[in-house]
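**Student:** First the structure, then my questions, so here it is.
The values are calculated or read from the model by the stated rules, or taken from the named source; none is laboratory data. All of these numbers come straight from a predicted model, not from anything done at the bench. Every residue, glycine among them, receives a Cβ derived from its backbone with ideal geometry; neighbour counts consider all protein chains shown. Please note that ligands, DNA and RNA were not included when accessible areas were found on the heavy atoms of the full protein model with its side chains. Shrake-Rupley method; radii C 1.70, N 1.55, O 1.52, S 1.80 Å.
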Amino acid sequence: MIESKLERGILDFEITMGQYENFNSLTLPEINEYGVIVSKNHPLADHSCVTAEDLQNYPIIMSKHTADSDNFRDWYTEPQKLNIVATFNLPDNSQYLVDKGPYCLLIYKDLLPLDKSNLCFLPLEPKIIDHNRLIWSSRNQLSNVASLFLKLIRDSIKSKN
């Protein structure tokens with residue numbers, strides 16, 4: 001895992017989505033919105049958004065990170081009612097299952113290109129977002145170059161606000 005490379009000092013930084021414990025972090029201005037990808041002939045495809053109740057009737061594929069996410073657990077208070085049939089680390093192969101079956105792929109918006117496919121993205125309601133975060137080890141001191149990089153990123157974020 002990349003996190004172990006941060007801890008061992010092999011990498012200085014990582015950009016992540018969501019929360020990571022035991023690391024220093026800087027929240028970046030970009031956000032990631034959760035939703036589901038379904039085929040255009042799926043019963044939910046004509047919805048403008050998807051609620052937790054809508055998902056109860058369909059098999060769901062989601063990332064391992066999402067399954068463990070507090071954001072998702074807070075949004076869906078009764079996960080035992082969900083039919084989670086698979087989890088993934090890389091979403092590319094999951095889109096083929098969604099294209100050919102009744103599956104709902106719970107994923108960040110714009111993570112997969114959908115423009116030339118038979119798939120569509122539906123946002124969750126209520127909306128769930130995750131921030132991108134720059135993380136670095138809390139146990140290792142940053143080099144001068146890494147410290148300068150972090151200062152420049154912080155200054156850039158401040159100037160945009």
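**Student:** Among the residues of segment 82-99, which ones are of a type in the set (A, V, I, L, M, F, W, C) and either touching a strand residue (DSSP E or B) at 6+ places or on another chain (Cβ under 7 Å) or at pLDDT 85 or above (or both)? Before you say what the answer is, go through the steps one by one.
**Tutor:** Going through segment 82-99, the residues of a type in the set (A, V, I, L, M, F, W, C) turn out to be 82, 84-86, 88, 90, 97-98.
Leu82, Ile84, Val85, Ala86, Phe88, Leu97, Val98 - these are the residues of segment 82-99 that are of a type in the set (A, V, I, L, M, F, W, C) and either touching a strand residue (DSSP E or B) at 6+ places or on another chain (Cβ under 7 Å) or at pLDDT 85 or above (or both).
**Student:** Among Leu97, Leu11, Leu90, Leu111, which is the only one that is touching a Pro at 6+ places or on another chain (Cβ under 7 Å) and open to solvent by 50 Å² or more (accessible area, probe 1.4 Å)? Talk me through it step by step, then tell me what you get.
**Tutor:** On the way: Leu97 fails: touching a Pro at 6+ places or on another chain (Cβ under 7 Å); Leu11 fails: touching a Pro at 6+ places or on another chain (Cβ under 7 Å); Leu90 fails: touching a Pro at 6+ places or on another chain (Cβ under 7 Å).
When all the criteria are applied, what remains is Leu111.
**Student:** Only one of Ser39, Ser4, Ser48, Ser25 is free of Cβ contacts under 8 Å to residues at least 12 places away in the same chain and of a type in the set (Ser, Thr, Tyr); which?
**Tutor:** Ser4
**Student:** Working only within segment 118-132, note down all residues that are buried (at least 19 other Cβ atoms within 10 Å of the Cβ) and under 15 Å from the mean Cα position of the chain (by Cα).
**Tutor:** Of everything in segment 118-132, those that are buried (at least 19 other Cβ atoms within 10 Å of the Cβ) and under 15 Å from the mean Cα position of the chain (by Cα) turn out to be Leu122, Leu124, Ile128, Asp130.
**Student:** Within segment 69-81, which residues are part of a loop (DSSP other than H, G, I, E, B) and open to solvent by 30 Å² or more (accessible area, probe 1.4 Å)? Step through it out loud before you land on a result.
**Tutor:** Narrowing segment 69-81 to residues part of a loop (DSSP other than H, G, I, E, B): 69, 76-78.
Hits for segment 69-81 are Thr77, Glu78.
**Student:** Which condition breaks for Glu78 when tested against (1) touching a Leu at 6+ places or on another chain (Cβ under 7 Å); (2) more than 30 Å from Lys160 (Cα to Cα); (3) not basic (Lys, Arg)?
**Tutor:** (1)
**Student:** Go through (1) touching a strand residue (DSSP E or B) at 6+ places or on another chain (Cβ under 7 Å); (2) at pLDDT 90 or above; (3) outside any strand (DSSP E or B); (4) surrounded by 18 or more Cβ atoms within 10 Å (Cβ to Cβ) and name the single condition Thr66 misses.
**Tutor:** Result: Thr66 fails condition (2) only.
**Student:** I would also like to ask the following. Looking only at segment 64-73, count every residue that is in contact (Cβ under 8 Å) with a residue 24 or more places away in the chain and either closer than 18 Å to Gly101 by Cα or not polar (S, T, N, Q) (or both) and tell me the total. Quick ask: steps written out before the conclusion?
**Tutor:** Taking segment 64-73 as the starting set, the residues that turn out to be in contact (Cβ under 8 Å) with a residue 24 or more places away in the chain are 64-66, 69-72.
Still in the list and also either closer than 18 Å to Gly101 by Cα or not polar (S, T, N, Q) (or both): 64-65, 70, 72.
Residues that pass the stated criteria total 4.
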